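Engineer: Here you go, one structure.
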Amino acid sequence: MYRVWTFLTDYSLLLIIGALLALVWANTDPHSYHHFVEYPLFFNDLVGADYAYWKKVYGEGYDTFDAGGASMVVSMHYLVNDMLMAFFFAIAAKEVWEAVILKNGSLRGKKAATPLFATLGGMMGPITIYLGLAYVMGSTTFDAVANGWAIPTATDIAFSYLVGRLVFGAGHPAVRFLLLLAIADDAAGLIILAIFYPSGDLALEWLLVSVFAAVVVFFLANWLPRRMDRHNQSRPNSTWVREKLGFWPYAIAAVFSWYGFAASGLHPSLGLLPIVPTIPHADRAFGIFSAAERYLTDLLNQIEHALKRPVEVVLFFFGLLNAGVEFSSIGDATWLVLAGLLIGKPVGILIMGWVAAKPLGLGIPEGMRIVDLVVIGCVAAIGFTVSLFFAAAAFDPGPTQDAAKMGALFSFAAAIISIIAGRLLRVEKQDT
């Protein structure tokens, strides 16, 4: 119990508090909560939500703010979901990158393919369950909810990662497996969002900005100094770059990369991912926020630990701004989304993960069992944030959209199911 409490206080307590406050606020004064979530911080013509869209979602009272003719709005919701959460996803990407690239990484080589197969199963399973049950419920229900088929395909990286750590322990290879699956799931989900639920025209050429930023910073701040020091063991150039410039070249590159994602039409919260592999890293990984990594001098671990406290605060606001849904919204779409997530996710991940690991011979990370895929599937059934995005994109504001959002919110039940499944399937926690 002490370890559980330590985990909660160190990593997820602020997130849980934010979500609970959102639920209470939205069910006692939904008008003020909604206006808080969409409160405009500043208007501009460069970044943010489209002004016409913001005006619609803010609703009555939007004209009390002077936009000055600006075409975009940075609201509280946009600031947290689209900008600040990029730091959390960057930390998650750091763990996956180390698991793939380092000599002792649990996802090296062909074993990295198994989580991707599991990701495919974790998307096809929910779609099948959602549409199948909707069809059984009758044509009226099917016609009303069919456009929301993508809602239960999502996996919330933040909550899933936190629950995964609680169930498996920080050092279990299943946590890195889950991270790769969740990131791949959300990446695929955001492509689905852009293709099937477009809010505007895609401009994928803007992704070249992200690629260019990553290539330039890797060449100038990483590869070139090491190349210049290749015959000098004192490494003066690499040392100068590390001590004098620090993280700043990568921070500048991150800004350009984030903007490239934002301008491309893809979700900008993943905009820092191309920069993570360019940062100098250690020779081995000890696990995210591991105490042992505090003694490593590589820049990647230094950045990760510098972001620890700020990201905890970001997670609080993430919960506060996304979990506020009224309980009166429950409907058919609620149960369809839940069934897709709680049944389709575990079944799909188990089937496709097994196919990849056994018949295809791709294997799974050392220290994992096939049966662990069931627990991973239960953890991955926490849809939350991307499911909420899908619900808002799939349906016009109204009862069906609200019911679908309730399904995304109730997917938190997967956390309890995951803990129970972990006990029943005798998961051995690995904290280091």
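Engineer: Distance between Cα centroids, segment 213-257 to segment 348-403: provide it in whole Å.
Structural biologist: 38
Engineer: If you don't mind, another one. Indicate the gyration tensor shape class of segment 114-226 (rounded, prolate or oblate), computed on the Cα atoms with a ≥ b ≥ c the square roots of the eigenvalues: a/c under 1.5 is rounded; otherwise a/b larger than b/c is prolate and the rest oblate. Please list the in-between numbers first.
Structural biologist: Working: a/c = 3.57, a/b = 1.49, b/c = 2.39.
Taking the square roots of the gyration eigenvalues as a ≥ b ≥ c, segment 114-226 is oblate.
Engineer: Using a 10 Å cut-off around each Cβ, can you sort Y39, Y135 from fewest to most neighbouring Cβ atoms? Don't jump to the answer; show the numbers that get you there.
Structural biologist: Values: Y39 15, Y135 12.
In increasing order of surrounding Cβ atoms, one gets Y135, Y39.
Engineer: Using the Cα centre of the chain as origin and beta-carbon charges of +1 (Lys, Arg) and -1 (Asp, Glu), tell me which of P359, M406, F88 is placed farthest towards the positive end of the dipole.
Structural biologist: Most positive-ward Cα: P359.
Engineer: Starting with the fewest neighbours, write out S32, S238 ranked by other beta-carbon atoms found within 10 Å of each beta-carbon. Show your work: numbers first, answer last.
Structural biologist: On the way: S32 11, S238 19.
Lowest count first: S32, S238.
Engineer: While we're looking at this one, here's another question. Under the rule of at least 5 residues apart or a separate chain, name every residue whose amide H is placed under 5 Å from the amide H of F42.
Structural biologist: Here the answer is V74, since their amide H atoms fall under 5 Å of that of F42.
Engineer: May I ask for the Kirkwood hydrodynamic radius of segment 12-147, worked out over all distinct Cα pairs and given in angstroms to one decimal? Provide the component values of the computation, followed by the final result.
Structural biologist: On the way: mean 1/r = 0.0518 Å⁻¹.
About 19.3 Å, per the Kirkwood formula over Cα pairs.
Engineer: Calculated FRET efficiency, M124 and V255, Cβ-Cβ r, R0 41 Å, to nearest 0.05? Spell out each step's value before the answer.
Structural biologist: Details: r = 37 Å, r/R0 = 0.89.
According to the calculation, E is roughly 0.65.
Engineer: Taking R0 as 35 Å, what's the FRET efficiency between I17 and F196 from their Cβ-Cβ distance, rounded to 0.05? It would help to have the intermediate numbers written out before the result.
Structural biologist: Numbers: r = 35 Å, r/R0 = 0.99.
FRET efficiency, I17 to F196: 0.50.
Engineer: Convex hull over the Cα atoms of segment 144-183, averaged projected area in nm²? Numbers along the way, then the final one.
Structural biologist: Working: hull surface 12.9 nm².
Taking a quarter of the hull surface, the average projection is 3.2 nm².
Engineer: How much length would be gained if the chain were fully extended between T64 and V136, taking 0.36 nm per residue of separation minus their Cα-Cα distance, in nm to one decimal? If you can, show how the numbers build up before the last one.
Structural biologist: Working: separation 72, 0.36 × 72 = 25.92 nm, distance 4.76 nm.
Gain on extension, T64 to V136, equals 21.2 nm.
Engineer: If you don't mind, another one. Got the relative contact order for the chain handy, in percent, Cα pairs under 8 Å and 6 or more residues apart?
Structural biologist: Numbers: 740 pairs, mean separation 121.8, N = 432.
About 28 percent, as a whole number.
Engineer: Counting other beta carbons within 10 Å of each residue's own, what order do T385, T239 fall into, fewest first? Write down the numbers at each step before the final one.
Structural biologist: Details: T385 24, T239 12.
Ascending number of Cβ neighbours within 10 Å: T239, T385.
Engineer: Okay, moving on. I'd like the Kirkwood hydrodynamic radius of segment 368-414, using the inverse of the mean 1/r over distinct C-alpha pairs, in Å. Working shown, then result.
Structural biologist: Working: mean 1/r = 0.0864 Å⁻¹.
By the Kirkwood definition, the hydrodynamic radius is 11.6 Å.
Engineer: If you don't mind, there's one more thing I want to ask. Sort 300-308, 75-83 by packing, meaning the average of other beta carbons within 10 Å per residue, with the highest value first.
Structural biologist: Numbers: 300-308: 17.9, 75-83: 20.3.
Going from most to least packed, we get 75-83, 300-308.
Engineer: Would you work out the relative contact order for segment 9-140, in percent, from Cα pairs under 8 angstrom that are 6 or more residues apart? Spell out each step's value before the answer.
Structural biologist: On the way: 83 pairs, mean separation 23.8, N = 132.
Relative contact order here is 18 percent.
Engineer: Would you mind giving the average projected area, over all directions, of the Cα convex hull of segment 114-164 in nm² with one decimal? Mind dumping the intermediate values first?
Structural biologist: Values: hull surface 16.7 nm².
That works out to 4.2 nm².
Engineer: Ordered by packing density, taken as the mean number of other Cβ atoms within 10 Å over each peptide's residues, highest first, how do 414-421, 257-264 rank? Spell out each step's value before the answer.
Structural biologist: Values: 414-421: 19.6, 257-264: 23.0.
Going from most to least packed, we get 257-264, 414-421.
Engineer: Relative contact order for segment 328-432: what percent, with Cα pairs under 8 Å and sequence separation of 6 or more? Before the final figure, lay out each step's value.
Structural biologist: Details: 117 pairs, mean separation 41.1, N = 105.
Over segment 328-432, the number comes to 39 percent.
Engineer: Need one word for segment 299-432: rounded, prolate or oblate. Basis is the Cα gyration tensor (sqrt eigenvalues a ≥ b ≥ c); a/c below 1.5 gives rounded, then a/b vs b/c decides.
Structural biologist: Values: a/c = 2.14, a/b = 1.26, b/c = 1.69.
Judged from the Cα gyration tensor, segment 299-432 comes out oblate (a/c at least 1.5, b/c at or above a/b).
Engineer: Still on this structure, I have one more. Classify segment 75-155 as rounded, prolate or oblate from the Cα gyration tensor: take a ≥ b ≥ c as the square roots of its eigenvalues, call it rounded if a/c is under 1.5, otherwise prolate when a/b beats b/c and oblate if not. List each step's numbers first, then the result.
Structural biologist: Numbers: a/c = 6.58, a/b = 1.55, b/c = 4.23.
Judged from the Cα gyration tensor, segment 75-155 comes out oblate (a/c at least 1.5, b/c at or above a/b).
Engineer: Report the per residue volume, in Å³, of the convex hull enclosing the C-alpha atoms of the chain.
Structural biologist: Working: hull volume 64.4 nm³, N = 432.
Expressed per residue, the convex hull around the Cα atoms of the chain is 149 Å³.
Engineer: Once the other residues with Cβ under 12 Å from the Cβ of M85 are scored (Lys, Arg +1; Asp, Glu -1), what is the net sum? All intermediate terms of the calculation are to be shown ahead of the outcome.
Structural biologist: Details: positive: none; negative: D82, D156, D186.
Counting the neighbours of M85, the net charge comes to -3.
FYI, it's all coordinate maths here, none of it is from the lab. A quick note: this is a predicted structure, and the numbers were derived from the prediction, not measured. Note: ideal-geometry Cβ built from the backbone for every residue, glycine included; neighbour counts use all protein chains shown.
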